[in-house]
Amino acid sequence: MRSSYRPIGNYIRLVDERNNGLHTTNLLGVSISKQFIKSVANVIGTDMENYKIIRKNQFACSIMQVRRDRKMPVALYTKDEPSLISQAYPVFEIINAEELLPEYLMMWFTRSEFDREACFYAVGGVRGSLEWEDFCNMQLPIPSPEKQLEIVREYNVIQSRIKLNNQLIAKLEETAQAIYKQWFVDFEFHNENGLPYKSSGGEMVGSELGEIPKGWDVGRLGDITKIIMGQSPKGDSYNTEGIGTPLVNGPVEFGEYFTEKTKWTTSVTKLSEIDDLIICVRGSTTGRFVKSDGFYCLGRGVCSLRAFHSQRFVDQVYQNSLQKLLALTTGSTFPNWDRLTLSNFLIIIPSRDLMEEYEKKISLVFGLIESKHKEIIIINNIKKVLFAKMTKVEFENEFA
């Protein structure tokens with residue numbers, strides 16, 4: 001550790017302000033993504049005066065289960081109006097904001113290296129809790145306030161770009177969902193005269209899934225997509241050096257939208273292709289999904305859906321059927337899906353022409369969504385460079 005690193009505890013102090021008089025009611029929690037989230041705790045009959053008040057530029061953290069979650073939940077509160085936080089969360093603040101900026105400290109907490117170090121020290125209990133003293137003894141470089149401000153400004157520019165992209169993605173996804181619902185749920189796709197089918201008197205017929213447009217069928221998920229169940233490769237074929245084919249076996253390899261490459265195998269079993277929908281089929285994460293951005297070896301924890309005619313349609317059918325599919329998992333303590341359960345799931349199947357027309361219409365929307373997600377991946381890589389710069393600043397100070 002370099003000489004200019006200083007213990008966090010030298011710059012922070014605990015705060016314990018209780019909600020006496022019930023002046024505040026907005027109850028928050030802290031997520032492992034290091035953000036404040038609306039609390040879902042049942043507080044009926046709870047004495048809210050015991051809860052802590054958190055104010056602007058104060059931090060709240062959880063030092064429990066750090067090793068289990070491989071992250072330390074900690075967040076900086078930035079709103080002018082105070083909120084409430086459970087008394088289980090330590091709340092702390094910077095002693096002198098002219099020496100250490102709260103935003104700079106929060107940036108340090110966001111680094112993956114910080115979480116790894118916290119995990120190293122988290123040894124308390126079976127779930128690996130971090131002692132407050134050990135947290136305070138963790139160290140960080142403290143450059144000048146001017147340098148801290150410069151780094152924070154660069155970071156905020158990056159974060160603003162990510163936020164804008166996510167807002168655009170959300171709007172595009174709403175659009176895609178609205179078109180799917182209009183065509184395949186409300187049956188208001190355009191008829192041969194360019195008019196909405198059902199409300200223009202299009203003929204409907206009965207089926208075991210309710211009324212559907214004439215010419216459509218009730219079929220099974222396996223009728224529109226090839227289902228490729230994963231199979232674990234040999235254990236001694238795994239590596240993290242990029243040798244062989246990237247492996248996806250569950251959420252660890254799931255990014256925000258695309259798969260992520262974290263491990264590889266030289267003993268490929270089943271393969272995904274680009275644009276497949278990869279879904280979890282085992283454990284508590286059953287149902288989670290991600291898009292394949294290339295060839296991946298599919299491990300036992302996942303399967304892929306590869307459309308016969310329209311991948312976008314298959315993706316939307318899966319997402320809109322997810323809750324019904326989850327009701328079909330087997331295993332009370334370890335839920336899972338097998339191929340037959342997925343393949344035999346009943347769905348409404350429109351004409352092939354309409355599926356292909358939908359694919360053509362919606363591809364531009366999803367092309368933009370995927371473009372923005374790829375842009376976020378690049379921006380996040382730039383953010384890692386900025387995080388690395390925080391330690392480089394310390395190096396420059398020491399040897400200047």
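The values are calculated or read from the model by the stated rules, or taken from the named source; none is laboratory data. On a predicted model such as this, the values are computed, not experimentally measured, just so you know. Every residue, glycine as well, gets a Cβ built from its backbone with ideal geometry; the counts of neighbours run over all protein chains shown. Accessible surface areas use protein heavy atoms only, side chains included; no ligands, DNA or RNA. Shrake-Rupley method; radii C 1.70, N 1.55, O 1.52, S 1.80 Å.
Here are some residues: ALA327, ALA388, ALA307. Which one is within 30 Å of ARG111 (Cβ to Cβ) and open to solvent by 20 Å² or more (accessible area, probe 1.4 Å)? Walk me through it before giving the result.
Working: ALA327 fails: within 30 Å of ARG111 (Cβ to Cβ); ALA307 fails: within 30 Å of ARG111 (Cβ to Cβ).
Just one listed residue meets the conditions, ALA388.
Quick one: which residue in MET106, MET138 is in contact with an Asp or Glu (Cβ under 7 Å, 6 or more places away or on another chain), of a type in the set (A, V, I, L, M, F, W, C) and either open to solvent by 20 Å² or more (accessible area, probe 1.4 Å) or closer than 17 Å to ILE63 by Cβ (or both)?
Values: MET106 fails: in contact with an Asp or Glu (Cβ under 7 Å, 6 or more places away or on another chain).
Just one listed residue meets the conditions, MET138.
Determine, yes or no, whether LEU172 is surrounded by 14 or more Cβ atoms within 10 Å (Cβ to Cβ), under 30 Å from PHE366 (Cβ atoms) and of a type in the set (A, V, I, L, M). Before you say what the answer is, go through the steps one by one.
Numbers: surrounded by 14 or more Cβ atoms within 10 Å (Cβ to Cβ): yes; under 30 Å from PHE366 (Cβ atoms): yes; of a type in the set (A, V, I, L, M): yes.
The answer is yes for LEU172.
Quick check on this structure: which one of ILE12, ILE8 is in contact with a helix residue (DSSP H, G or I) (Cβ under 6 Å, 6 or more places away or on another chain), closer than 25 Å to PRO141 by Cβ and hydrophobic (A, V, I, L, M, F, W, C)?
Going through ILE12, ILE8 in turn, just one is in contact with a helix residue (DSSP H, G or I) (Cβ under 6 Å, 6 or more places away or on another chain), closer than 25 Å to PRO141 by Cβ and hydrophobic (A, V, I, L, M, F, W, C): ILE8.
Given the criteria surrounded by 20 or more Cβ atoms within 10 Å (Cβ to Cβ), closer than 20 Å to TYR257 by Cβ, aliphatic (A, V, I, L, M) and modelled with pLDDT of 95 or more, does LEU342 qualify?
Spelling it out, it is not the case that LEU342 is surrounded by 20 or more Cβ atoms within 10 Å (Cβ to Cβ), closer than 20 Å to TYR257 by Cβ, aliphatic (A, V, I, L, M) and modelled with pLDDT of 95 or more.
Please specify each residue of region 7-59 satisfying the condition of being open to solvent by 90 Å² or more (accessible area, probe 1.4 Å), under 24 Å from TYR104 (Cβ atoms) and among the basic types (Lys, Arg).
Of region 7-59, the ones open to solvent by 90 Å² or more (accessible area, probe 1.4 Å) are 10, 13-14, 16, 20, 22-23, 25, 35, 38, 40, 42, 44, 55-56.
Now restrict to residues that are under 24 Å from TYR104 (Cβ atoms): 10, 13-14, 35, 55-56.
Matches in region 7-59: ARG13, ARG55, LYS56.
Which condition does ARG300 not pass, out of (1) charged (D, E, K, R); (2) in contact with a Ser or Thr (Cβ under 6 Å, 6 or more places away or on another chain); (3) farther than 17 Å from LYS261 by Cα, if it passes all the others?
(3)
Starting from region 69-93, keep only residues that are farther than 15 Å from LYS34 by Cα, then list their pairs with residues that are assigned to a helix (DSSP H, G or I) whose Cβ atoms are within a distance under 9 Å, requiring at least 6 positions of separation or different chains.
As it stands, the answer is LEU84/MET48; GLN87/ASN50; GLU93/PRO102, since those pairs meet every condition given.
Considering (1) open to solvent by 60 Å² or more (accessible area, probe 1.4 Å); (2) under 21 Å from the mean Cα position of the chain (by Cα); (3) not small (Gly, Ala, Ser), say which one ASN165 fails and leave the rest.
Every listed condition holds for ASN165 apart from (1).
Going through GLY206, GLY215 one at a time, which residue ends up being small (Gly, Ala, Ser) and at negative phi?
Only one candidate passes the filter, namely GLY206.
Report yes if some residue within region 274-295 is out of contact with any Gly (no Cβ under 6 Å at 6 or more places or on another chain) and aromatic (Phe, Trp, Tyr); otherwise report no.
yes
Checking the condition in contact with a strand residue (DSSP E or B) (Cβ under 8 Å, 6 or more places away or on another chain), within 28 Å of TYR180 (Cβ to Cβ), hydrophobic (A, V, I, L, M, F, W, C) and open to solvent by less than 70 Å² (accessible area, probe 1.4 Å), which residue from VAL268, VAL317 passes?
The match here is VAL317.
Could you run through region 237-248 and say how many residues are open to solvent by 60 Å² or more (accessible area, probe 1.4 Å) and touching a residue at least 24 places away in the same chain (Cβ under 8 Å)?
Residues that pass the stated criteria total 2.
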